[in-house]
Amino acid sequence: MSDFRLRVFAAVARHLSFTKAGQELFISQPAVTKHIRELEAQYGQRLLARRGNRVALTEAGRLLLLHAEAVEASARQLDEQLLGLRDPDEAAGRLRLGASTTLCQYVLPAWLPAFQQRYPQVQLTLLNVNSERIAEALLRGDLDLGFVEGRTKSRDLHYEPLLPDELVAVRRATPAGPPPTPLPLAEALAHPLVLRERGSGTLEVLEMALRELKIKLGELHVAIYLDSTEAIKGYLAAAPAALGFVSRRALARELAGGVLEVVPVAGLRLPRHFEAVWVQGQPLTRPAQRFLSFSQAQGKGEEMTGGAG
């Protein structure tokens, strides 16, 4: 878009949240508020109705959102056409990726530099939200390609396996080290549990595994739900009685540093697959096709070499 304030407004309108709009655009909440106030001053009317912590579009806001979306689509089309003229065989254009937390923090960052070196004309962005919100963003047209880690599938989306993963039980490191034999399941689940938030693929995998064992999450002592793996690891490091469930890929630094330790649990295995996802029946853009092929090759390479730990 030619006016960054319109991008800010469109993000607020999509999320109905100043905080989430700021997270999407990597700017502070006060900056979001400033841009919205400038737009309201420019047009001389309220664009958003604020009721406590809730945000809703006014009639003027709905009209501006239509305009903002049209401007964004036009700018995107122009960028792709101009870049295509410069090098028709290059994977040029904008590529809007979205990845759930584990992938965004522990898998994709190590892959992106090589892709950017290979395809320098691609204008790359990466959104970090949970699996549920990745699906929503794809269906709204806000992303070109997503990467998720849950088991629930939408009939409106197409999924391709990318990379295997495993959730493990983890706690603050103890002087004696991890137990020599797996903990009984009942003993492990008696700990205060530290879990990911609703809508995350990590929580979904755990909840489905427990359901197969006739255990309801609501019957357990959940100390807290947190919205990132880093927050869970930080909490566990300060709470010796607690037990959390996170990806093994997220633990290399803490295990090596003796901060956390993996706790085997009898009868509880939590394998899962990371998957690439896009809208069913909708062809991928050339940059998205290139990144999908690139990421699948990276995933196969990790499988052959034993992955990230």
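Scanning the range 101-122 for residues that are at pLDDT below 90 and over 24 Å from Leu251 (Cα atoms) turns up Arg118, Tyr119, Pro120, Gln121, Val122. Has the range 74-91 got at least one residue that is in contact with a strand residue (DSSP E or B) (Cβ under 7 Å, 6 or more places away or on another chain), at pLDDT below 65, surrounded by 18 or more Cβ atoms within 10 Å (Cβ to Cβ) and not in a helix (DSSP H, G or I)? Yes.
When the residues of the range 38-71 are filtered to those that are of a type in the set (Gly, Ala, Ser) and not in a helix (DSSP H, G or I), the one that is farthest from Arg14 (Cα to Cα) is Gly44.
Okay, residues lined up against (1) out of contact with any helix residue (DSSP H, G or I) (no Cβ under 9 Å at 6 or more places or on another chain); (2) more than 30 Å from Pro175 (Cβ to Cβ); (3) among the hydrophobic types (A, V, I, L, M, F, W, C):
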position	(1), (2), (3)
His221	no, no, no
Asp227	no, yes, no
Phe245	no, no, yes
Leu292	yes, yes, yes
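Each residue in the range 209-228 was checked for being in a loop (DSSP other than H, G, I, E, B) and of a type in the set (A, V, I, L, M, F, W, C), and 3 of them qualify. Any residue at all in the range 185-194 that's in contact (Cβ under 8 Å) with a residue 60 or more places away in the chain and assigned to a loop (DSSP other than H, G, I, E, B)? Scanning the range 185-194 turns up no residue that is in contact (Cβ under 8 Å) with a residue 60 or more places away in the chain and assigned to a loop (DSSP other than H, G, I, E, B). Against the test of being within 19 Å of Phe115 (Cβ to Cβ) and small (Gly, Ala, Ser), the options Ala231, Ala288, Ala266, Ala223 yield a single qualifying residue, Ala288.
The values are calculated or read from the model by the stated rules, or taken from the named source; none is laboratory data. Nothing here was measured: the structure is a model prediction, and the numbers come from that model. Note: ideal-geometry Cβ built from the backbone for every residue, glycine included; neighbour counts use all protein chains shown.
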